[in-house]
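In what follows, a structure is listed as structure tokens, so that the remarks can point back to it.
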Amino acid sequence: MIGWIIVGIVVVLALLWVGIYNGLVQARMRTQESWSQIDVQLKRRNDLIPNLVETVKGSAKFEQGTLEKVVSLRNALTQTPTDDHQKTMALSDQLTNSLKSVFAVAESYPDLKASNQYNKLMEELTNTENKIAYSRQLFNTTTATYNTKLQSFPTNFVAKIHSFKPSEFLETPAEEREMVNVSFDERGL
Amino acid sequence: MLFEQIAKNKRKTIVLFVGFFLFMGIVGAALGYCMFGEWVAGVIIAVVTGIVYAVYMFGQSTDVVMGMNHAQEITNADQAPDLWHIVEDMALVANVPMPRVFIIDDPSPNAFATGNDPEHAAVAATSGIMSVLTREELEGVMAHEMTHVRNYDIRLQTIAVALTSAIAMLANFGTHFWYFGGSRNRDNKEGNVIALIASIAVLVLAPIAATLVQLAISRNREFLADAGAVELTRNPQGLINALNKISNSEPMSDENVSPESAALYISNPLQTKKLTNLFSTHPPMSERISALQKM
């Protein structure tokens, strides 16, 4: 009788262990999936930039180095390994800013603004920039869920034994942080 | 919090179904007894009809609701780039699949979401909302709709709409029965009883239909979706401006909106009367805006 009870307890514990382990794997996969969302958008932007440079080069005068900076940031981004999240996002933010300055200059050229090709590129780039921002937010949400799991009992025990590593939050650029009232800080992480 | 809301919505959907079948059964029994003097047959016919209708609605709800509101589906970004991209963004950040997108040709700004679950969801926007709102404001509105999708509000609301329209249809049938069937059988005693029951049914049915909608679409749900929208966009001001613009505009044309689905919209699309405020499906806009301002 006592033997059966012990067997029962062991079976229940083993099932519990498997359940927790699978939950952790799933949560970790969600963070990886949301990173690949960002990656897709970054690649898309990288593909759009040569087009943009071609389109604006002939029709607008830029300060020395404005376009070169965009191109060199783009190239640096393509060469950064994608698993280096922090460096990738830091470069991406710089690229976002230099693209803004390109658009600011282009604003004062009516020919360019009337061009269909330019407007289409503009909409595509705006769309991509928005998606980068939103997928970054999704990444931080999935990261928060995963990291909370890692730290709460009894999941932390299983996580430690199978050496699950916490996922790192992506920094929000300083100017965006000021605009926003609801912040990530509530999560206390 | 999110999961509690989802569980609650799933529970309420079941209650709604059980209530609907009970109701169909009672009506069937009454009609069956009067027409063939056999209430069991009436119950069987009513319940079978109810099941067929429910299965049909479950499969086709999106198309039926969109049809009721004269919405046209768009299938690629070029047809409405801003709307399409915003819906894409909001689906992305809410972590739900891209829903189908519909446009209602109406100058009044409004929008709603429908469907069975996040995998089979759809959003509709009026042409007015696309011209009146800025990108940021439209983002707020679509984030609100995407929260309804993620919470399974859409399933409960859509089923409520379907069942309410079934009951409205039954009530309609009862009314016609009273006018035509009733007069033909004026001398027939049995006919009078049927007519009497039909008219009582009409009297009883309408308020029940209304109560069903009330049950399903609590005002709380709109507050929750507003809060969810801010969680997604991190920008309460966008939604505040959007709600201000929507509440200060003309109601939608009666031809486009079916009254049964009015509760789905982000803001009541029909003319609002002050007196009915207590029973309205949407909380007062001023309360929603002041809740958002505190965020």
Options B:161, B:123: the member that is at pLDDT 95 or above, within 14 Å of the chain's Cα centre (by Cα) and either under 26 Å from residue B:51 (Cα atoms) or surrounded by 22 or more Cβ atoms within 10 Å (Cβ to Cβ) (or both): B:123
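Which count do you get for residues in segment A:99-120 that are in a helix (DSSP H, G or I), of a type outside the set (D, E, K, R), farther than 15 Å from residue A:42 by Cα and in contact (Cβ under 8 Å) with a residue 12 or more places away in the chain?
Of the residues in that region, 8 qualify.
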Test: residue in segment A:172-188 that is at pLDDT below 90 and under 30 Å from residue A:16 (Cα atoms): yes
Residue tally, condition of a type in the set (Gly, Ala, Ser) and exposed (fewer than 15 other Cβ atoms within 10 Å of the Cβ), over segment A:24-51: 1
Residue match in segment B:42-58 (condition: free of Cβ contacts under 8 Å to residues at least 24 places away in the same chain and under 18 Å from the mean Cα position of the chain (by Cα)): yes
Verdict on residue B:142 being under 19 Å from residue B:79 (Cα atoms) and either more than 19 Å from the chain's Cα centre (by Cα) or in a loop (DSSP other than H, G, I, E, B) (or both): no
Segment A:82-117, residues that are within 24 Å of the chain's Cα centre (by Cα) and among the small types (Gly, Ala, Ser): A:90, A:92, A:98, A:101
Selection within segment B:7-62 - polar (S, T, N, Q) and closer than 27 Å to residue B:151 by Cβ: B:9, B:13, B:60, B:61, B:62
Residue B:4 being in contact with a helix residue (DSSP H, G or I) (Cβ under 9 Å, 6 or more places away or on another chain) and of a type in the set (D, E, K, R): no
Test set (1) of a type outside the set (A, V, I, L, M, F, W, C); (2) within 17 Å of the chain's Cα centre (by Cα); (3) surrounded by fewer than 17 Cβ atoms within 10 Å (Cβ to Cβ); (4) facing chain B (nearest Cβ under 10 Å) - residue A:120 fails condition number: (2)
Selection status of residue B:59, closer than 26 Å to residue B:119 by Cβ, away from chain A (no Cβ under 14 Å) and surrounded by 17 or more Cβ atoms within 10 Å (Cβ to Cβ): no
Residue in segment B:266-279 that is at pLDDT 85 or above and either touching a His at 6+ places or on another chain (Cβ under 9 Å) or assigned by TED's automatic domain parsing to the domain that holds residue B:11 (or both) present: yes
Among (1) assigned to a helix (DSSP H, G or I); (2) surrounded by 16 or more Cβ atoms within 10 Å (Cβ to Cβ); (3) more than 14 Å from every other protein chain (Cβ to nearest Cβ) - the single one residue B:49 does not satisfy: (2)
Options B:216, B:198, B:291: the member that is more than 29 Å from residue B:70 (Cα to Cα) and at pLDDT below 80: B:198
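More than 14 Å from chain A (Cβ to nearest Cβ), crowded, with 23+ Cβ neighbours inside 10 Å and farther than 22 Å from residue A:141 by Cβ - does that describe any residue in segment B:231-241?
Pass one, segment B:231-241, residues more than 14 Å from chain A (Cβ to nearest Cβ): B:241.
Adding the requirement that they be crowded, with 23+ Cβ neighbours inside 10 Å leaves none.
The answer is no, given that none of the residues of segment B:231-241 is more than 14 Å from chain A (Cβ to nearest Cβ), crowded, with 23+ Cβ neighbours inside 10 Å and farther than 22 Å from residue A:141 by Cβ.
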Residues of segment B:17-41 classified as outside any helix (DSSP H, G or I) and at pLDDT 80 or above, total: 0
Residue check for residue B:64: surrounded by 15 or more Cβ atoms within 10 Å (Cβ to Cβ), away from chain A (no Cβ under 14 Å) and touching a helix residue (DSSP H, G or I) at 6+ places or on another chain (Cβ under 9 Å): yes
Selection status of residue B:123, within 14 Å of chain A (Cβ to nearest Cβ), touching a residue at least 24 places away in the same chain (Cβ under 8 Å) and not in a helix (DSSP H, G or I): no
Residues located in segment B:67-113, provided they are farther than 12 Å from residue B:124 by Cβ and either away from chain A (no Cβ under 14 Å) or under 17 Å from the mean Cα position of the chain (by Cα) (or both): B:75, B:107, B:108, B:109
Options B:44, B:14: the member that is touching a helix residue (DSSP H, G or I) at 6+ places or on another chain (Cβ under 9 Å) and part of a helix (DSSP H, G or I): B:44
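The values are calculated or read from the model by the stated rules, or taken from the named source; none is laboratory data. These numbers were taken from a predicted model, which means no experiment stands behind them. Positions of Cβ are backbone-derived with ideal geometry, glycine not excepted, and every protein chain shown enters the neighbour counts.
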